[in-house]
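The values are calculated or read from the model by the stated rules, or taken from the named source; none is laboratory data. All of these numbers come straight from a predicted model, not from anything done at the bench. Note that each Cβ is placed from the backbone with ideal geometry, even for glycine, and that neighbours are counted across all protein chains shown.
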């Protein structure tokens, strides 16, 4: 009898609850535009913080004598060369201090360059525009065989993926590798090389699978964006150039 009473109470509770559940949900779109009145109290609270952030972002830290775009070169671009060299110059001292070793070269990705560097003053905001992602520098220890796989990837990608100036990669007219040097020397398959890249590429971004397996991984806790800011602060004027680090013969 008690059991039946409990079941009846449970049934009635569920039935009553169901009556409270609406069988239709409606919504409407609220436009957010200039017609919305600011909350003065909130605005007064936020304003000092916003002004301080904008002041820091808009402070001039370097100068660009011309505009640099990732579409200005077929196999290497001035802006890509700048980014790869900046990662090398700023990250190698950190890596060397921790390990006693040196980075052999840097590889980044063409798609990771998200904005141009316009002619004129360079600010911290410029670095956020060029690199809006939270990607950080990692250094991977790879055997020469994997370095050759990396160069083979570059030869087939037909894009100006940035590499630092320690690399010299020359393709023939059919996109076959004609010359591949690291620090002015041919790649030795049994030697270990220390390659700096970002964590997105290390994890297989842009189909860069040659980072696995590896001998070691070193995480520098150094965001690419902060690399650029530090690099710009060291340079009164940037002067990146398209050079011979990654090129292709137009004829034999």
For the range 1-103, which fully contained helices (runs of 4 or more DSSP H) count at least 3 residues that are modelled with pLDDT under 95?
2-20, 40-57
Within the range 69-87, of all residues that are closer than 19 Å to residue 107 by Cβ and more than 16 Å from the chain's Cα centre (by Cα), the one surrounded by the fewest Cβ atoms within 10 Å (Cβ to Cβ) is 74
Has the range 169-177 got any residue that is within 23 Å of residue 95 (Cβ to Cβ) and at pLDDT 95 or above?
yes
Of the residues in the range 222-242, how many are within 25 Å of residue 146 (Cβ to Cβ) and assigned to a helix (DSSP H, G or I)?
2
Here are some conditions: (1) within 23 Å of residue 137 (Cβ to Cβ); (2) not in a loop (DSSP other than H, G, I, E, B). Residue 247 meets all but one. Which one does it not meet?
(1)
Flag if residue 219 is at pLDDT 95 or above, farther than 27 Å from residue 155 by Cα and in a loop (DSSP other than H, G, I, E, B)
no
Can you tell me which residue in the range 148-162 is surrounded by the fewest Cβ atoms within 10 Å (Cβ to Cβ), limited to those that are within 15 Å of residue 77 (Cα to Cα) and out of contact with any helix residue (DSSP H, G or I) (no Cβ under 9 Å at 6 or more places or on another chain)?
158
Exactly one of 134, 66, 90 is loosely packed, with under 12 Cβ neighbours inside 10 Å and touching a helix residue (DSSP H, G or I) at 6+ places or on another chain (Cβ under 9 Å), and that one is 134
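This table checks each residue for (1) modelled with pLDDT of 95 or more; (2) over 14 Å from residue 148 (Cα atoms); (3) surrounded by fewer than 16 Cβ atoms within 10 Å (Cβ to Cβ); (4) out of contact with any helix residue (DSSP H, G or I) (no Cβ under 6 Å at 6 or more places or on another chain).
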site	(1), (2), (3), (4)
164	yes, yes, no, no
204	yes, yes, yes, yes
211	yes, no, no, no
244	yes, yes, yes, yes
249	no, yes, yes, yes
